[in-house]
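Some notes on the structure that comes next.
The values are calculated or read from the model by the stated rules, or taken from the named source; none is laboratory data. Being a predicted model, the structure only gives us computed values, none of them experimental. Note that we place each Cβ from the backbone using ideal geometry, even for glycine, and neighbour counts take in every protein chain shown. For accessibility, only protein heavy atoms count, side chains too; no ligands or nucleic acids. Shrake-Rupley method; radii C 1.70, N 1.55, O 1.52, S 1.80 Å.
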Amino acid sequence: GQKYDFAPIQEKWLPVWDRMKPFATDAEGDKRPRKYVLDMFPYPSGDLHMGHAEAFGLGDVVARYWRQQGFNVLHPIGWDSFGLPAENAAIKRGVDPRGWTYDNIAQQKKSFQTYAPSFDWDREIHTSDPEYYRWTQWLFLQLFEKGLAYRKASAVNWCPFDLTVLANEQVVDGHCERCGNAVTKKKLTQWYFRITDYADRLVDDLKQLEGAWPSKVLSMQRNWVGRSTGADVNFVIEGKADPVAVYTTRPDTLYGVTFMVVAADSELAAELVADAPEETQAAFAEYVDRVKGESDIERLSTEREKTGVFLERYAINPLNGERLPIWASDYVLADYGHGAIMAVPAHDQRDLDFARAFDLPVRVVVDTNQPVTGAIPVLVDGVLPDDLPPADPKSTGEALVGPGRLINSGPFDGLSKNAAIAKITDALAASGLGKTAKNYRLRDWLISRQRYWGAPIPIIHCEACGEVPVPEDQLPVELPPAEGLDLQPKGTSPLGAAEDWINVPCPRCGAPAKRDSDTMDTFVDSSWYYLRYLNPQSDTMAFDPKLADKWAPVDQYVGGVEHAILHLLYSRFMTKVLYDQGYLSFTEPFSSLLNQGMVLMDGAKMSKSRGNLVEFASELSTYGADALRVTLIFAGPPEDDIDWADVSPAGSAKFLARAWRVAHDVSSAPDVVWKTGDVALRRITHRFLADAPSLVESFKFNVVVARLMELVNATRKVIDTGAGPADAAVREAAEVTAVALNLFAPYTAEDMWEQLGYEPAVATVQWRKADQTLLVAESVTCVVQVDGKVRDRLEVSPKIATDELEKLARASSAVQRAIGDRTIVNVVVRAPKIVSLATKP
Ligand code: ANZ
Ligand code: ZN
């Protein structure tokens with residue numbers, strides 16, 4: 001017979017699909033139910049890699065599946081094409097970042113076209129096109145007008161290598177996410193989005209996503225916002241007029257406060273030390289210098305040795321009047337809570353480490369040996385725990401953080417921890433010494449970058465009028481050409497040097513004014529792109545709210561877990577802002593999220609630096625798109641990592657050849673009489689039709705491939721050693737295989753479909769319904785004889801095991817009656833049809 005060869009098949013069908021455009025979506029007229037399937041768009045930093053092949057292969061299964069289930073599917077693609085890598089590459093090679101970016105897009109697009117995800121190419125977007133960033137700028141102005149975009153001077157994370165500002169999210173363990181160098185702080189005036197206004201909603205709305213997003217991502221989002229509830233407590237400081245508030249999640253431990261700590265780099269610390277002796281001031285100044293070089297993550301680490309300076313000042317505990325020494329240290333952050341804490345070393349590990357380092361007193365106020373209501377006491381060395389003395393953290397070095405009952409706490413003794421939190425907070429509030437409070441780890445989103453390759457911030461600075469938005473009809477504010485500009489990072493935007501561009505009249509008063517020279521963080525571009533796909537060519541609006549109402553939120557979002565915080569949080573925020581502005585009718589952008597695993601080489605993440613990059617392009621030309629896709633999908637559940645050393649693209653190619661040959665061998669015509677032919681094969685075919693949809697919907701794609709392999713093998717058997725290639729069941733099985741294979745191996749599927757006598761495109765063929773009568777469990781009749789006489793008939797599975805059948809036969813009451821008190825001397829079992837028992841008295 002003919003030989004399966006992927007290359008001519010790819011060459012044959014690509015132009016056919018290009019002509020037919022089977023994946024172009026009519027977003028407005030089509031009346032079918034809708035599904036929006038979205039893959040996280042790629043960054044054009046070279047050609048596609050194996051990680052892309054994995055992610056886009058998975059997303060394509062979902063998109064193709066819904067089309068075959070009768071849905072009008074939107075499955076668009078575009079490029080996240082602004083950003084630092086383009087600019088860095090441009091600097092290195094002395095070229096325009098534009099050229100580098102669009103060359104890479106062309107290259108990736110070419111690879112995509114061969115890989116053949118079912119994209120609607122008519123909707124392609126690039127965030128670096130003026131037609132796109134015009135609307136990113138529009139979005140900025142929406143936020144600006146609502147007071148959600150503002151400028152402030154603050155100490156920002158600064159990468160001394162990239163010479164650029166980094167968002168907290170881009171600092172990984174104190175290092176720049178992009179270049180790996182240690183991050184420092186720098187004071188700059190920057191643009192922020194007021195995402196903290198949305199902190200509560202960003203946490204509370206996660207409930208809507210439970211079960212539909214990976215729980216790991218939900219908890220990462222929750223932790224990132226980092227909401228905690230507690231109390232603000234006012235402490236009077238000797239010699240200072242206004243009391244100082246501290247934020248605590250443990251007001252129940254107020255009697256255990258033995259000192260106070262203020263952030264070394266806070267204004268309060270500087271104020272408090274001002275009256276101290278000279279040596280103290282000098283020690284303090286030296287300490288603050290050191291602290292300024294530390295990242296927040298280092299500062300908050302419980303692993304680090306505690307350092308600090310005693311400020312020679314005292315605070316008064318509002319509940320018991322005790323005098324508390326005040327220290328400055330780095331482990332308290334200046335911009336969290338109020339930048340000062342009440343230290344409870346017995347119950348907080350960092351406070352305890354500090355107390356042990358400087359020999360400060362430790363007082364236990366929650367006896368964690370005492371059970372709280374409902375808890376069943378556990379004997380410790382034969383005694384009830386509440387008879388044990390409380391542990392001594394100062395000597396053990398371990399803070400007591402669990403539940404328990406209050407001791408050493410005056411009128412509050414005996415209360416459980418939780419009851420005491422409520423009681424003490426009430427008592428503070430009643431006497432004006434405190435109040436309940438919430439705190440968040442989330443900070444406002446720093447969106448300005450002093451770099452060239454991004455969307456310019458559409459603001460004009462006028463001496464008389466201040467910050468003036470560029471009028472909407474003057475958008476986009478287009479980037480000037482890179483030519484002649486020094487793109488080397490230096491802490492101010494290269495755009496500042498574009499004289500013709502930067503100097504403009506003020507839109508309000510006409511006086512000479514200057515454009516804002518910063519560009520936006522690329523996460524702004526990608527925070528709303530899913531809406532642009534709905535009407536990518538519109539030059540009258542960013543997105544059409546009517547189409548958004550129809551199509552969004554996205555039904556299935558597919559992408560890497562590396563975006564679990566940043567991109568998803570920002571998209572969620574932007575969606576809520578647009579909802580509040582009345583543009584959208586929903587508050588969460590992505591109804592369901594699938595995170596694919598990583599493609600690894602010998603257990604290590606593929607990376608250029610490790611030199612273990614399996615080139616997508618070379619694998620694609622060796623094995624073809626279909627074998628590559630099947631390999632990635634068959635490797636395991638989508639969320640799991642794939643070790644490229646463990647998989648076999650050659651094995652996948654073999655399977656595809658086997659399937660393809662089946663279609664070739666079918667010798668009946670398409671008008672063969674259905675519902676006839678080999679029943680056993682028909683049962684396997686219809687079992688597959690019945691099971692595959694729920695398997696796909698629960699992302700068990702690898703199981704569907706395994707089941708397809710079984711189906712192909714069963715079909716082969718009937719062709720070779722059964723009813724033969726003309727049997728109607730063989731055609732049926734081959735057709736079902738072609739239609740299902742479209743999910744994983746579109747070229748092979750299309751070629752099979754043609755071989756079977758049909759027109760393209762198989763991707764638009766609807767999934768057949770399983771015949772229920774073929775799904776009921778089969779049974780055969782087993783005859784049971786006793787001494788040669790038929791005594792019973794049993795309905796059993798045709799696959800029943802010999803010993804099981806014997807057990808069933810012996811258990812039959814008719815058989816037992818026939819045996820009476822005789823002894824069985826011989827048993828012959830021919831499963832599944834006959835059991836024969838011989839007896840003697
Ligand atoms: C006393 C106390 C006793 C605390 C105890 C904890 C345990 P979350 O949950 O993250 O909000 N804290 C407050 N402001 C801080 C700052 N600027 N820098 C570093 N730490 C700060 O944490 C709130 C707790 O972190 C607060 O509750 C405070 O320590 C500390 F047994 O107050 B706690
Ligand atoms: Zn003006």
TODO: With a 1.4 Å probe and every protein chain left in place, work out the accessible area per residue of the stretch 414-511 in Å², rounded to a whole number.
DONE: 46 Å²
Open item on the list: Please enumerate, by chain and number, the aspartates and glutamates with C-alpha under 13 Å from the C-alpha of residue 654, excluding those fewer than 8 residues away in the same chain.
Closed with: 5, 626
TODO: Calculate the dipole size of the chain relative to its Cα centre from +1 charges on Lys and Arg beta carbons and -1 charges on Asp and Glu beta carbons; express the result in debye to the nearest 20.
DONE: 3000 debye
Open item on the list: Give me the three principal axis extents of the stretch 252-406 from the C-alpha atoms, as integers in angstrom, largest value leading.
Closed with: 57, 33, 26
Open item on the list: Viscosity 0.890 mPa s, temperature 25 °C: what is the translational diffusion coefficient of the stretch 50-103 from Stokes-Einstein with a Kirkwood Rh over Cα pairs, rounded to a whole number of µm²/s?
Closed with: 178 µm²/s
Task: Under 14 Å from residue 490, Cα to Cα: aspartates and glutamates that are on another chain or at least 8 residues apart - done: 87, 162, 518
TODO: Give the accessible area for residue 109 in Å² (nearest 10); use a 1.4 Å probe, count only protein heavy atoms, and leave out ligands, DNA and RNA.
DONE: 60 Å²
- [ ] Please go through the stretch 746-823 and write out the trypsin sites (Lys or Arg not before Pro) that DSSP classes as loop and that have at most 10 other C-beta atoms within 10 Å.
- [x] 769, 799
TODO: State, as an integer percentage, the relative contact order of the chain based on alpha-carbon contacts under 8 Å between residues 6 or more apart.
DONE: 13 percent
Open item on the list: If Rh is defined by the Kirkwood formula over all Cα pairs and Rg also comes from Cα, what ratio Rg/Rh do you get for the chain?
Closed with: 1.09
Task: Residue-level accessible surface for residue 465, protein heavy atoms, 1.4 Å, Å² - done: 40 Å²
Task: Size of electric dipole in the stretch 700-841: Cβ of Lys, Arg +1 and of Asp, Glu -1, about Cα centre, debye, nearest 20 - done: 980 debye
TODO: Considering only DSSP beta bridges where both residues belong to the chain, give the percentage that are antiparallel (nearest 5).
DONE: 75 percent
Task: Projected label distance in nm at residue 359 and residue 675, using a 7 Å step from Cα toward the beta-carbon - done: 9.6 nm
Open item on the list: Quick one: 3J(HN,Hα) in Hz for the stretch 465-478, Karplus 6.51/-1.76/1.60 with θ = phi - 60°, rounded, Gly and Pro as x.
Closed with: 9, x, 7, 10, x, 5, x, 3, 6, 9, 7, x, 7, 7
Task: Pairs from 306/394; 789/840; 186/514 whose Cα-Cα separation, in the structure shown, is over 20 Å - done: 186/514
Task: Residue-wise HN-Hα coupling along the stretch 777-789, computed from phi with Karplus coefficients 6.51, -1.76, 1.60 (Hz; x: Gly, Pro) - done: 4, 6, 8, 10, 8, 10, 8, 10, 10, 10, 6, x, 9
Task: Selected from 184, 157, 213, residue furthest toward positive end of dipole (the chain; charges at beta carbon) - done: 213
Task: Descending semi-axes in Å of the stretch 555-679, equivalent ellipsoid built from Cα gyration tensor - done: 39, 28, 11
Task: the stretch 80-125 - Rg and Dmax from Cα coordinates, angstrom - done: 12.6, 37
Task: Efficiency of FRET between residue 541 and residue 691 - r from beta-carbon atoms, R0 51 angstrom, step 0.05 - done: 0.70
Task: Linear extension gain, residue 131 paired with residue 349, 0.36 nm per residue minus alpha-carbon span - done: 73.1 nm
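Treating only the Cβ of Lys, Arg, Asp and Glu as charged (+1, +1, -1, -1), what charge dipole size does the stretch 512-593 show about its Cα centre? Round to the nearest 20 debye. Please report the intermediate quantities before stating the final value.
Values: 7 positive and 11 negative charges, 27 e Å.
My answer is approximately 140 debye.
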- [ ] Between residue 335 and residue 778, with labels modelled 7 Å along Cα→Cβ, what's the label distance in nm to one decimal, could you check?
- [x] 7.0 nm
Task: Label-to-label distance, nm, for residues given as residue 504 and residue 7 (7 Å Cα→Cβ offset) - done: 5.4 nm
